[in-house]
Amino acid sequence: MNNFRSIVRKAAALAAVCVLAFGLTACGAKGKKITIEVTGPDGATSSFTGRTDDEFLYDAIGDIDGVTIDGYDSDWGYYITTVNGIEANYDTDGAYWSLYVNGEYGQNGVSTQPVTEGDVYGFVYEVYQAAE
């Protein structure tokens, strides 16, 4: 019994050292915490939070439970046609998916958007309105 307690104490100490000395990433958890918000055509927003070690948003999406995208490679990068099963078809109704970073219109595409700890990335269903 004394030997068992010794083993348990050593395991607990090792776990504490792992967390303190190396942080959660070295112990198996992923690094950067990010949030993805999806705003559909009805204006309702769903929020998904997770952790990733990926450098760019396109790759990081695979680490965030509840978020899926579909689209295709174009001359300007990856063009998103569908987010979480909701399709935006610019050719038929002028709809498209916009990328926002921390509430600001994104300056990069999904495949070139760097992922930063704590950032909020928004996919917003929008419809093009010509200026009158």
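The values are calculated or read from the model by the stated rules, or taken from the named source; none is laboratory data. Since the structure is predicted, the reported quantities are computational estimates derived from the model, not experimental observations. Counting neighbours? That spans all protein chains shown, and the Cβs are built from the backbone with ideal geometry, glycine included.
Could you please tell me which pairs satisfy a Cβ distance under 8 Å, a separation of 6+ or placement on different chains, a first residue in the stretch 106-130 that is under 17 Å from residue 67 (Cβ atoms) and in the same structural domain as residue 57 (by TED's automatic domain parsing), and a second residue that is among the polar types (S, T, N, Q) and in a loop (DSSP other than H, G, I, E, B)?
Between residues of the stretch 106-130 that are under 17 Å from residue 67 (Cβ atoms) and in the same structural domain as residue 57 (by TED's automatic domain parsing) and residues that are among the polar types (S, T, N, Q) and in a loop (DSSP other than H, G, I, E, B), the close pairs are 106/113; 119/102; 120/102; 121/113.
With the condition kept exactly as written, say whether any residue in the stretch 33-46 is in contact with a helix residue (DSSP H, G or I) (Cβ under 9 Å, 6 or more places away or on another chain), modelled with pLDDT of 95 or more, over 18 Å from residue 127 (Cα atoms) and among the basic types (Lys, Arg).
Within the stretch 33-46, the first condition is being in contact with a helix residue (DSSP H, G or I) (Cβ under 9 Å, 6 or more places away or on another chain), and the residues that meet it are 34, 36.
If we keep only those that are modelled with pLDDT of 95 or more too, we end up with 34, 36.
The next check asks that each one be over 18 Å from residue 127 (Cα atoms); those that pass are 34, 36.
Among the residues that remain, those that are also among the basic types (Lys, Arg) are: none.
Scanning the stretch 33-46, I find no residue that is in contact with a helix residue (DSSP H, G or I) (Cβ under 9 Å, 6 or more places away or on another chain), modelled with pLDDT of 95 or more, over 18 Å from residue 127 (Cα atoms) and among the basic types (Lys, Arg), so the answer is no.
Can you tell me which residue among 125, 79, 96, 58 is touching a Pro at 6+ places or on another chain (Cβ under 8 Å) and not in a loop (DSSP other than H, G, I, E, B)?
Answer to the selection: 125.
Failed condition for residue 97, given (1) under 18 Å from residue 43 (Cβ atoms); (2) within 14 Å of the chain's Cα centre (by Cα), with all others met?
(2)
Residues to consider are 50, 66, 71, 77; find the one that is within 22 Å of residue 102 (Cβ to Cβ) and over 12 Å from the mean Cα position of the chain (by Cα).
On the way: 50 fails: over 12 Å from the mean Cα position of the chain (by Cα); 66 fails: over 12 Å from the mean Cα position of the chain (by Cα); 71 fails: within 22 Å of residue 102 (Cβ to Cβ).
The unique qualifying residue is 77.
If you go through the stretch 87-103, how many residues are under 12 Å from residue 126 (Cβ atoms) and surrounded by 15 or more Cβ atoms within 10 Å (Cβ to Cβ)? I'd like the intermediate steps shown before the answer.
To start, the set of residues in the stretch 87-103 that are under 12 Å from residue 126 (Cβ atoms) comprises 88, 90, 93-100.
Still in the list and also surrounded by 15 or more Cβ atoms within 10 Å (Cβ to Cβ): 88, 95-97, 99-100.
Residues meeting the conditions: 6.
Restricting to the stretch 99-121, name every residue that is farther than 15 Å from residue 79 by Cα and assigned to a strand (DSSP E or B).
101, 104, 105, 114, 120, 121 - these are the residues of the stretch 99-121 that are farther than 15 Å from residue 79 by Cα and assigned to a strand (DSSP E or B).
On the given criteria, is residue 67 surrounded by 14 or more Cβ atoms within 10 Å (Cβ to Cβ) and not charged (D, E, K, R)? Explain how you work it out, then say what you get.
Numbers: surrounded by 14 or more Cβ atoms within 10 Å (Cβ to Cβ): yes; not charged (D, E, K, R): yes.
Considered against the rule, which asks whether it is surrounded by 14 or more Cβ atoms within 10 Å (Cβ to Cβ) and not charged (D, E, K, R), residue 67 comes out as yes.
Out of all the residues in the stretch 110-125, which are in contact with a Ser or Thr (Cβ under 9 Å, 6 or more places away or on another chain), of a type outside the set (A, V, I, L, M, F, W, C) and surrounded by 14 or more Cβ atoms within 10 Å (Cβ to Cβ)?
Here is the first cut: in the stretch 110-125, the residues in contact with a Ser or Thr (Cβ under 9 Å, 6 or more places away or on another chain) are 115, 118-125.
Cutting the leftovers down to of a type outside the set (A, V, I, L, M, F, W, C) gives us 118-119, 121-122, 125.
The answer is 119, 121, 122, 125.
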